[in-house]
Amino acid sequence: MKSIYTIITLFITMTAFAQVGQNPQPSNIVNICSGVTEEDVPKYSYFKDVFNTFDNFIGTWQWSNGNEIVVFELTKVTQKFNTEDDMFYDYIIGNYSYSVDGGNSYIVNTITTPIDENYEENPMYTACPENNKLRFIFEDVVLNKSYCYATFEFSLGNLTQLEVKIENPLEVGGRFEGEPEYNFDFTLPTNIIVTKQ
């Protein structure tokens with residue numbers, strides 16, 4: 001009986017240690033966009049949206065013009081652990097759809113359920129809110145264009161409308177011989193106002 005008790009105790013102890021290794025906890029909290037970098041803080045720090053600046057942006061946003069419909073789905077990810085730098089982060093990911101026939105079919109639709117919280121698996125990502133504005137790293141998945149920008153800004157304090165502007169990077173890198181020239185166009189309309197649904 002004593003050996004069974006010892007085996008059970010050993011199993012519980014090993015399970016507890018294994019779970020701690022799989023689920024690290026934040027050591028301290030740092031406000032995102034405070035100017036503090038990963039080099040300034042110990043491992044397992046949590047870059048948190050302390051003032052919930054992201055929260056007004058969360059949700060489904062839509063623009064329509066006749067049969068054209070653009071939908072953005074913005075999702076806040078909280079306390080996501082990054083194994084590469086042993087830090088926790090809050091950030092916003094975004095996905096979108098675009099239809100020109102009233103939503104019967106799509107030119108592009110990256111909105112999925114369930115949502116993949118890994119920022120690299122989404123065409124829009126930002127970790128730093130500004131005053132009433134988010135500037136996403138944006139990928140046009142149809143044209144395979146990465147590292148563009150999509151800026152979402154509240155219209156004159158109205159929390160139900162966002163002005164959306166999609167832009168190319170300030171500088172376009174070089175290309176190898178035989179590669180096509182950089183395409184400055186976008187699949188989505190580039191200057192629209194979306195309404196919260």
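The values are calculated or read from the model by the stated rules, or taken from the named source; none is laboratory data. Predicted model, so just to flag it, every value in this text is computed and none were measured. No Cβ is skipped: glycine too gets one built from the backbone with ideal geometry, and neighbour counts run over all protein chains shown.
Before moving on, here are some points about what is shown:
This table checks each residue for (1) farther than 23 Å from residue 66 by Cβ; (2) part of a loop (DSSP other than H, G, I, E, B); (3) of a type in the set (Ser, Thr, Tyr).
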{"residue": "146", "(1), (2), (3)": "yes, no, yes"}
{"residue": "164", "(1), (2), (3)": "no, no, no"}
{"residue": "169", "(1), (2), (3)": "yes, yes, no"}
{"residue": "172", "(1), (2), (3)": "yes, yes, no"}
{"residue": "175", "(1), (2), (3)": "yes, yes, no"}
{"residue": "180", "(1), (2), (3)": "yes, yes, no"}
{"residue": "184", "(1), (2), (3)": "yes, yes, no"}
{"residue": "194", "(1), (2), (3)": "no, no, no"}
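- Residue count, the range 37-49 (criterion: under 20 Å from the mean Cα position of the chain (by Cα) and modelled with pLDDT under 95): 2
- Test: residue in the range 165-178 that is in contact with a Phe, Trp or Tyr (Cβ under 6 Å, 6 or more places away or on another chain), under 21 Å from residue 49 (Cα atoms) and in contact (Cβ under 8 Å) with a residue 24 or more places away in the chain: no
- Residue satisfying all of: in the range 94-110; part of a strand (DSSP E or B) and of a type outside the set (Val, Ile, Thr); surrounded by the fewest Cβ atoms within 10 Å (Cβ to Cβ) among these: 109
- Annotation: residue 84 fulfils all but one of (1) at pLDDT 95 or above; (2) out of contact with any Asp or Glu (no Cβ under 9 Å at 6 or more places or on another chain); the unmet one is (1).
- Candidate set from the range 9-28 (those that are surrounded by 13 or more Cβ atoms within 10 Å (Cβ to Cβ) and under 19 Å from residue 77 (Cβ atoms)); member that is modelled with the lowest pLDDT: 24
- Positions within the range 47-75 being assigned to a strand (DSSP E or B) and farther than 20 Å from residue 120 by Cβ, in sequence order: 48, 59, 60, 61, 62, 63, 64, 65, 68, 69, 70, 71
- Within the range 118-144, the residues that satisfy the criterion of being assigned to a strand (DSSP E or B) and either within 17 Å of residue 187 (Cβ to Cβ) or touching a helix residue (DSSP H, G or I) at 6+ places or on another chain (Cβ under 7 Å) (or both) are 124, 125, 134, 136, 137, 138, 139, 140.
- The set of residues in the range 76-93 being assigned to a strand (DSSP E or B) and among the acidic types (Asp, Glu) consists of 90 alone.
- Of all residues in the range 75-87, those that are without any contact (Cβ under 8 Å) to a residue 60 or more places away in the chain and under 20 Å from residue 56 (Cα atoms) have Cβ atoms under 9 Å from Cβ atoms of residues that are exposed (fewer than 13 other Cβ atoms within 10 Å of the Cβ) and acidic (Asp, Glu), 6 or more apart or on another chain, in 76/55.
- Check on residue 154, part of a loop (DSSP other than H, G, I, E, B), under 21 Å from residue 64 (Cα atoms), at pLDDT 90 or above and of a type outside the set (A, V, I, L, M): no
- Restricting the range 83-93 to residues that are surrounded by 18 or more Cβ atoms within 10 Å (Cβ to Cβ) and β-branched (Val, Ile, Thr), the residue that is farthest from residue 27 (Cα to Cα): 93
- Within the range 101-158, considering residues that are touching a residue at least 60 places away in the same chain (Cβ under 8 Å) and hydrophobic (A, V, I, L, M, F, W, C), the one farthest from residue 52 (Cα to Cα): 107
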